[in-house]
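First the structure, in the form of structure tokens, and then the observations on it.
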Amino acid sequence: VLMALSPGAPVGLRRSLEAGGEASFAPALQIAVAALAIVSMPLSIAALNEHYAGQAVIAPGDLARQVFLAQLLPLGLGMLARRLLPGLAARAERGVSRAASILLLGLIAIALADFFPVVIGAGPRAAVCVVLVTALALAIGHSLGGPDPQTRTVVAISSAVRNPGLALLVASVNHAPPAVISTVLAYLLISAFTVLPYVAWRRRAV
């Protein structure tokens with residue numbers, strides 16, 4: 001449930017661009033979804049509390065801080081550098097992109113090494129549920145993404161990729177048990193591998 005309530009994963013923008021998504025639309029959608037999460041998550045948690053007699057809370061200010069530091073600030077600095085120093089930004093783009101890819105691969109390797117037992121411990125039913133939810137989100141986003149194939153790709157990936165940082169923030173604020181943290185991490189890894197075939201398919205289609 002926490003992952004379902006946590007949209008706008010930073011890696012979603014990179015995945016969208018790698019898959020051939022519209023380069024001007026993808027950042028705009030990413031910023032909009034991340035900003036809306038500041039409002040949508042507290043409202044969703046409040047609705048769940050009402051329905052299930054829960055007591056979970058999350059302050060919009062805490063969400064705003066997380067979104068700003070993890071997404072809006074880096075994107076803003078990148079856009080500012082491209083605007084003020086276009087030549088330097090163009091020369092540095094390939095190296096920065098390559099470094100980001102290496103760091104991402106390293107993070108995936110570390111996550112697999114550290115959290116593979118967590119993924120296995122989540123159980124086959126949980127893993128199947130994550131795959132089905134992610135695949136369904138991809139299908140819905142792809143179908144509702146409009147006639148432009150590049151826009152459709154961005155909407156599909158943005159719909160399927162969830163933000164573990166926001167989910168873990170809510171879990172930590174509400175002192176969630178370790179099993180919740182483990183499930184969030186398992187969801188992150190399983191959904192990441194579920195999205196890969198779609199990214200490869202859209203990259204070939206461009």
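The values are calculated or read from the model by the stated rules, or taken from the named source; none is laboratory data. Quick caveat: nothing in here was measured; it's all calculated off a predicted structure. All Cβ positions, even for glycine, are placed from backbone atoms using ideal geometry, and neighbour counts span all protein chains on display. Areas reflect the complete protein model, heavy atoms only, side chains present, ligands, DNA and RNA absent. Shrake-Rupley method; radii C 1.70, N 1.55, O 1.52, S 1.80 Å.
From the list Ala156, Ala137, Ala179, exactly one residue is closer than 23 Å to Pro124 by Cα and touching a helix residue (DSSP H, G or I) at 6+ places or on another chain (Cβ under 8 Å). Which is it?
Among Ala156, Ala137, Ala179, only Ala137 is closer than 23 Å to Pro124 by Cα and touching a helix residue (DSSP H, G or I) at 6+ places or on another chain (Cβ under 8 Å).
So, in the stretch 17-26, of the ones that are modelled with pLDDT under 90 and not in a loop (DSSP other than H, G, I, E, B), which residue ends up farthest from Val199 (Cα to Cα)?
Taking the candidates together, the pick is Leu17.
Take the residues in the stretch 181-199 that are farther than 13 Å from Arg15 by Cα and polar (S, T, N, Q); name whichever of them is surrounded by the most Cβ atoms within 10 Å (Cβ to Cβ).
Once the filter is applied, the top-ranked residue is Thr183.
Taking the condition touching a residue at least 60 places away in the same chain (Cβ under 8 Å) and closer than 30 Å to Pro178 by Cα, does Ile38 pass? It would help to see each step written out before you state the result.
Details: touching a residue at least 60 places away in the same chain (Cβ under 8 Å): no; closer than 30 Å to Pro178 by Cα: yes.
Here the answer is no, as Ile38 does not meet what is asked.
Do we have any residue at all in the stretch 91-114 that's of a type in the set (Asp, Glu), farther than 27 Å from Arg202 by Cα and in contact (Cβ under 8 Å) with a residue 12 or more places away in the chain?
So far as the stretch 91-114 goes, no, none of its residues is of a type in the set (Asp, Glu), farther than 27 Å from Arg202 by Cα and in contact (Cβ under 8 Å) with a residue 12 or more places away in the chain.
Give the residue that is nearest to the chain's Cα centre (by Cα), with candidates limited to residues of the stretch 17-37 that are open to solvent by 50 Å² or more (accessible area, probe 1.4 Å) and among the aliphatic types (A, V, I, L, M).
Selected residue: Ile31.
Name every residue in the stretch 156-165 that is out of contact with any His (no Cβ under 7 Å at 6 or more places or on another chain), in a helix (DSSP H, G or I) and aliphatic (A, V, I, L, M), in order of residue number. Reasoning before the result, please.
Let us first name the residues in the stretch 156-165 that are out of contact with any His (no Cβ under 7 Å at 6 or more places or on another chain), namely 157-165.
Now drop any that are not in a helix (DSSP H, G or I), which leaves 157-160, 164-165.
Listed by number, the residues that qualify are Ile157, Ala160.
Looking at (1) assigned to a helix (DSSP H, G or I); (2) over 20 Å from Gln71 (Cα atoms); (3) modelled with pLDDT of 85 or more; (4) open to solvent by less than 60 Å² (accessible area, probe 1.4 Å), which is the one condition that is false for Gly145?
(1)
Among the residues of the stretch 166-180, what is the count of those that are buried (at least 17 other Cβ atoms within 10 Å of the Cβ) and in a helix (DSSP H, G or I)?
Final tally of qualifying residues: 7.
State which residue pairs qualify: first residue more than 15 Å from Gly12 (Cβ to Cβ) and inside the stretch 126-144, second residue modelled with pLDDT under 95 and open to solvent by less than 80 Å² (accessible area, probe 1.4 Å) in any location, beta carbons under 6 Å apart, and separation of 6 or more residues or different chains.
Ala127/Ile190; Val130/Tyr187; Val130/Ile190; Val130/Ser191; Val131/Thr194
Which residue out of Arg82, Arg98, Arg65 is assigned to a helix (DSSP H, G or I) and loosely packed, with under 12 Cβ neighbours inside 10 Å?
Result of the check over Arg82, Arg98, Arg65: Arg98.
Residue-wise test of (1) touching a residue at least 60 places away in the same chain (Cβ under 8 Å); (2) of a type in the set (Phe, Trp, Tyr); (3) surrounded by 13 or more Cβ atoms within 10 Å (Cβ to Cβ); (4) not in a helix (DSSP H, G or I).
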{"residue": "Arg15", "(1), (2), (3), (4)": "yes, no, yes, no"}
{"residue": "Leu48", "(1), (2), (3), (4)": "no, no, yes, no"}
{"residue": "His51", "(1), (2), (3), (4)": "no, no, no, no"}
{"residue": "Val57", "(1), (2), (3), (4)": "yes, no, yes, yes"}
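Could you tell me which of the residues Ser40, Ser6 is surrounded by 14 or more Cβ atoms within 10 Å (Cβ to Cβ), modelled with pLDDT of 90 or more, out of contact with any Asp or Glu (no Cβ under 9 Å at 6 or more places or on another chain) and assigned to a loop (DSSP other than H, G, I, E, B)?
Ser6
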